[in-house]
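Contents: one structure, followed by commentary.
The values are calculated or read from the model by the stated rules, or taken from the named source; none is laboratory data. Source: prediction; values computed, not measured. Here the Cβ positions follow ideal geometry from the backbone for every residue, glycine too, while neighbour counts run over all protein chains shown. Please note that ligands, DNA and RNA were not included when accessible areas were found on the heavy atoms of the full protein model with its side chains. Shrake-Rupley method; radii C 1.70, N 1.55, O 1.52, S 1.80 Å.
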Amino acid sequence: MSSYPSNRGYTAMVNRSPRFKIPPESKYPAPNAYDYVRPEADVKICYPFNSSDTRFRLQLGKQIGPSPSDYYHYRRRVEPVEMAFGKQRFVIPAYSVFCGAENKSRCFKCQTQPEGDYYHNFDHNLDLCRPCMNAEIEELNNCKYERLKRSNRLRALGKYKPARWCDFFHKHYSGDLSVDKYPRTVLRLKTRVENYLQTYDTMHKWYVQY
Ligand SMILES: [Zn+2]
Ligand SMILES: [Zn+2]
């Protein structure tokens, strides 16, 4: 009989079988058995905006259309807003009024009497109706015109100032008699508004885009 208490740390009749079953040995190596070498990333020296990259080149013989600059479209001048509130400023009449018993205007292009407002060149005493003027501008938008030719033509067209016949205000009778269609106060107000709005309507101020 062994001594009591036991030197072995346990008594007789105690269960000495292992508490947990030993797991079967795996045929694969453990994770730490792998000697993994991380591949080094190729560090590319990058210049800002990829400026070191090779230039983009079009393939030879490839069909390309016209570039954006080949399309021409004239722009009207952007006038600054009139800030001289309450101050005297030089007002150019928006429209020249031709007073007479009959409308003597005649478009020199289409040889017809302009309907409503038209353009008048005081240097050469020529009239130009609005459809003809619009057609001229539309024609100038064509990119077949060179810069110089276009700007010269626009300058020539700029000489044509807006004009109208006096029929909108009064009617002429025999002699110097003319009857107003509405009071002069109304006319003055209308002219004032028109002169103000004229600074925004830059129809006769051409701007050539370079
Ligand atoms: Zn008149
Ligand atoms: Zn015309």
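At-a-glance table
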| item | result |
| --- | --- |
| Where a residue in region 148-170 is free of Cβ contacts under 8 Å to residues at least 40 places away in the same chain and closer than 20 Å to His124 by Cα and its partner, wherever it lies, is open to solvent by less than 20 Å² (accessible area, probe 1.4 Å) and in a helix (DSSP H, G or I), with Cβ under 9 Å and at least six apart | Arg153/Leu140 |
| Some residue of region 74-82 being more than 22 Å from the chain's Cα centre (by Cα), modelled with pLDDT under 90 and away from ligand 1 (no atom under 16 Å from the Cβ) | yes |
| Boolean, His172 is modelled with pLDDT of 90 or more, open to solvent by 40 Å² or more (accessible area, probe 1.4 Å) and within 16 Å of ligand 2 (Cβ to nearest atom) | no |
| Conditions (1) within 16 Å of ligand 1 (Cβ to nearest atom); (2) assigned to a loop (DSSP other than H, G, I, E, B); (3) among the charged types (D, E, K, R); number of the one not met by Lys171 | (2) |
| Qualifying strands (runs of 3 or more DSSP E) (wholly inside region 94-164; at least 3 residues being near ligand 2 (Cβ under 10 Å from one of its atoms)) | 126-129 |
